[in-house]
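Values quoted throughout were computed directly from the atomic coordinates according to the rules given, and no laboratory measurement underlies them. Keep in mind it's a predicted model, so treat the numbers as computed, not measured. Don't worry about glycine lacking a Cβ; one is built from the backbone with ideal geometry, like all the others, and counts go over all protein chains shown.
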């Protein structure tokens, strides 16, 4: 490379073919200085444009969600989540960095509205071997597909009805430790085991400090061809709840989940066309059974435009609290870049009290670098 650079400089810098030895030595010294300066300026970790830290500073991003809502029912109920009005849906600050050659850290701070603050995630991760990784902290557990997403990464503006009813608005977000192992198969296959605090008030929240919850997930991904992938996952969580006396068998909750996702992107037109079909089932089995599912279809029909549809159903099939509700959703999104989106969504919610028609308009933007979203 050095010889090639010298020859170029000789060719372009003068018409004379005779160079003195002193000029050659000065040119060679100049090239050595430039090469050293280039080497010294390289960070020991990749650029923050990739969502990782540079030598001293973590990758930092701020995500903002502004939401305008219309609802034709229940606007005088202050406890109701979806009411006519305008609000800051969420502000999220995220920092990601390599602590050293062993650990990587990821911290997400969330502000719901303008006052409610929480540590949404605080994770330390280590790659113990080529196939084995470890994590500890507070994190969105890998129970199914949707539960792993931050609010700004939701495919739709709101949660599916089944996710909100069974797992709650915050989802299965727990303090815990866990390990993931890539199985030696010809396709992507990962198994995850985690020990969780079991603090989710909808499903666990056992009375004793030792009432942990235990999660296992097996996830597979196949390339069906150059344009299509299929992902299939199964999840199971068990732990104690606070519904019955500690000595009762009924104080145990078991969560089951299954998810299936197909993605299609045509070769050569990946930035202009996409189809994503995703279906997920969630069941909670304890003294009161809850279950439901959603299915959604997303279509990118132009470089900056998406159209989407979703059905979500939820039921308590038996008992005095028997319930049945479902929701139909349609969404149109303008996405000028990976850093911003304007989304318009319509919901029709069928429930026992009264049907609701909802219109949601959201502005979603990101400042700074950001780690990649879940595939």
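Model label points for residue 79 and residue 295, set 7 angstrom from Cα along the Cα-to-Cβ axis, are 3.5 nm apart. Shape class of region 61-368 from the Cα gyration tensor (axes a ≥ b ≥ c, square roots of the eigenvalues): rounded, since a/c falls below 1.5.
A Förster radius of 45 Å combined with the Cβ-Cβ distance from residue 287 to residue 57 puts the calculated FRET efficiency at roughly 0.30. Cα centroids of region 156-218 and region 295-336: 22 Å apart.
For the pair residue 264 and residue 311, label points projected 7 Å from Cα toward Cβ lie 1.9 nm apart. Mind checking the alpha-carbon convex hull of region 254-347 and giving the volume per residue in Å³? Output value, Cα hull per residue: 109 Å³. Answer rounded, prolate or oblate for region 96-194, using the Cα gyration tensor with square roots of eigenvalues a ≥ b ≥ c: rounded when a/c is under 1.5, else prolate when a/b is larger than b/c, else oblate. Oblate shape, in that a/c is at least 1.5 and b/c is the bigger or equal ratio. The convex hull built on the alpha-carbon positions of region 172-323 has an orientation-averaged projected area of 11.6 nm².
Estimated from the Cβ-Cβ distance and a Förster radius of 25 angstrom, the FRET efficiency linking residue 318 and residue 279 is about 0.55. Taking 0.36 nm per residue of sequence separation and removing the Cα-Cα distance, the residue 188/residue 100 pair yields an extension gain of 28.9 nm.
Extending 7 Å from the Cα toward the beta-carbon at both residue 359 and residue 234 defines two label points whose distance is 4.5 nm.
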